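Everything on this sheet refers to the single structure shown next.
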Amino acid sequence: MHEMSIMESVFDNAYEACKSSGYTTITRIELTFGEMTEISEDSLRFAFDALKEGGPAANAELAINVLAPRSQCLECGAEYDHDRFSVKCPECGSVITKLLQGREMQIDAVEVE
Amino acid sequence: MAHLDLEKPLLERNDRLAAENKKLTDDAGVFMVDLMASPGAGKTSTILATIEALRESYRIAVIEGDIASDVDSQTIKSKGITAVQINTGGACHLESDMIARALGVLDVEALDLIIIENVGNLVCPTDFYLGEDAKVMILSVPEGDDKPLKYPGIFQISDAIILNKVDTTPVFDFDREAFLSSVQGLNPTAPVFEIAATTGQGVESWIDWLTARVDKKKKPLR
């Protein structure tokens, strides 16, 4: 359940951005997570609903963009998408690879008014 | 109404403090390893076996992470090794600010190896960089050979994997080949050390792996 502490960071960032731009209400929060993280979308939405109450984002909606993993083979150079279980290069079979995308945890944007 | 683009990593603060922890240990030439496992897999007994093997040649300290109690740090201290207890007060993993505070009370310059015992959990510690040089996970035989399939993340993020309690294999339905094959698929470059921490079986291969890294980071004596 580390989604709760991740969501606290979401709200810290969202409140700060809202306040420093001179707005009072947050209507939408957009996040991106990579599939290789240990984040559960259900737990994230639960944490969002629990933490938004009584604050400037009380009626905000949450949009979550999930990024599929992508790696580069460090032997043959191929770039490829894969699922979270298999990172091996599909071109040459090498196991020496570098994850390019899939471990993101980011707040992309907020809509405020 | 306005749309504000932020594009900010959510763990920015954690990662910044982790980088400071890394720099502190780099400057001191001390190797820091983050040991992760589920409760009861044998983190503390693996640490005790590691201490026994290395205490004559290396200066070691342990950072103990638990939700509550100081049971583990008392065990380590009873062996004459410096131990700092972190109680997370409910949190399911350690974060880099907790490690920064623990490093603050240790004489880092006078150490060669810091072992972090993370909170017993196969999920949450995976996502938090603490500034360590290596993440190592322990799975124990009684937990079952299917755990890499159920908790792929921790097997993927680990630099080495310890399979503990191999002396209990005859009493548990543990398919070693299936386990090794799943690990190989998830993390082809991580070595797997098969040990029984309480009897010392197989511990040398883990110790060799660890000491090679501690030696590499150690500052030459002037």
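Solvent exposure of chain B amounts to 43 Å² per residue of accessible area, where only protein heavy atoms count and the probe is 1.4 Å. Solvent exposure of the range A:1-109, expressed per residue, is 50 Å² of accessible area, with all protein chains present and a 1.4 angstrom probe.
Burial here means at least 50 square angstrom less accessible surface with every protein chain in place than with the chain by itself, probed at 1.4 Å; in the range B:138-167 the buried residues are B:Gln156. For the residue pairs B:Lys22/B:Lys218; B:Lys23/B:Lys216; B:Lys77/B:Lys165; A:Lys88/B:Lys216; B:Lys23/B:Lys218; A:Lys88/B:Lys165, the alpha carbons lie more than 19 Å apart in B:Lys77/B:Lys165; A:Lys88/B:Lys216; A:Lys88/B:Lys165. Simple point charges give the picture: +1 on the Cβ of Lys and Arg, -1 on the Cβ of Asp and Glu, and for the range B:1-59 a dipole about the Cα centre of about 200 debye. Of B:Leu130, B:Ile207, B:Gln156, which is farthest along the charge dipole of the range B:84-222 in the positive direction, counting Lys and Arg as +1 and Asp and Glu as -1 at C-beta? Final value for the positive-end residue is B:Leu130. Each of B:Ile60, B:Thr88, B:Phe193 was placed along the dipole of chain B (beta-carbon charges, centred on the mean Cα), and the one lying farthest toward the positive end is B:Ile60. Around B:Glu194, which amide H atoms from residues at least 5 apart in sequence, or from another chain, sit under 5 Å from its own amide H, with H modelled in the peptide plane? So B:Glu194 has HN proximity to B:Leu163.
For the segment A:102-109, counting C-beta atoms of other chains within 10 Å of every residue's C-beta and taking the mean gives 5.
The smallest convex shape that holds all Cα atoms of the range A:18-113, its convex hull, gives 101 Å³ per residue. Per-residue shielding of B:34-47, expressed as the average number of other chain Cβ atoms within 10 Å of the residue Cβ, stands at 0. The protection proxy used here, the mean number of other Cβ atoms lying within 10 Å of each residue, ranks peptides B:40-53, A:69-82 as follows, highest first: B:40-53, A:69-82.
Excluding B:Leu180 itself, what net charge comes from residues whose Cβ is under 11 Å from its Cβ, given Lys and Arg +1 and Asp and Glu -1? It works out to a net charge of -3. When each of the peptides B:170-176, A:9-15 is scored by the mean number of other C-beta atoms lying within 10 Å of its residues, the order from highest to lowest reads A:9-15, B:170-176. When the solvent-accessible area of the range B:1-136 is split by element, carbon and sulfur atoms take up 50 percent of it, the probe being 1.4 Å. What separates the Cα centres of the range A:23-53 and the range B:35-76 is a distance of 35 Å. Shown for the range A:55-101: residues covered by the partner protein chains by 10 Å² or more of accessible area relative to the chain by itself (probe radius 1.4 Å), namely A:Arg84, A:Phe85, A:Val87, A:Val95, A:Ile96. Report, in whole Å, the centroid distance computed from the Cα atoms of the range B:154-173 and the range A:81-100. Comparing the Cα centres of the range B:154-173 and the range A:81-100, I get a distance of 24 Å. Near A:Cys73: Cβ cut-off under 11 Å, other residues only, Lys/Arg at +1 and Asp/Glu at -1. The net charge is -1. In the range B:1-23, comparing the full protein assembly with the chain on its own, the residues that lose 30 Å² or more of accessible surface at a 1.4 Å probe are B:Met1, B:Ala2, B:His3, B:Leu4, B:Leu6, B:Glu7, B:Lys8, B:Leu10, B:Leu11. Relative to the longest principal axis of the Cα atoms of chain A, the long axis of helix A:41-52 makes an angle of roughly 20 degrees. Taking every alpha-carbon pair under 8 Å whose residues sit at least 6 apart, the range B:109-222 reaches a relative contact order of 24 percent.
Pairwise Cα distances in the range B:32-111 exceed 17 Å for 45 percent of all pairs.
Summing +1 for each Lys or Arg and -1 for each Asp or Glu among the other residues whose beta-carbon sits under 11 angstrom from that of A:Tyr23 gives -1. Given axes a ≥ b ≥ c from the Cα gyration tensor, I'd like to know whether chain B is rounded (a/c under 1.5), prolate (a/b larger than b/c) or oblate. Note, shape of chain B comes out oblate. For chain A, relative contact order (Cα pairs under 8 Å, six or more residues apart, normalised by length) works out to 36 percent. Counting Cβ atoms of other protein chains within 10 Å of each residue's Cβ and taking the mean over peptide B:67-74 gives 0.
The interface between chain B and chain A buries about 2600 Å² of solvent-accessible area in total (1.4 Å probe, ligands and nucleic acids excluded). Applying Stokes-Einstein at 4 °C and 1.567 mPa s to the Kirkwood radius of the protein assembly as shown, computed over alpha-carbon pairs, gives a translational diffusion coefficient of 60 µm² s⁻¹. Taking the 1.4 Å solvent-accessible surface of chain A as the whole, the part contributed by carbon and sulfur is 46%.
The values are calculated or read from the model by the stated rules, or taken from the named source; none is laboratory data. From a predicted model like this one, the values you see are computed outputs, not experimental measurements. Cβ: placed from backbone, ideal geometry, glycine included. Neighbour counts: every protein chain shown. The protein model used for the area step is the full one, side chains on, heavy atoms only, and it has no ligands, DNA or RNA in it. Shrake-Rupley method; radii C 1.70, N 1.55, O 1.52, S 1.80 Å.
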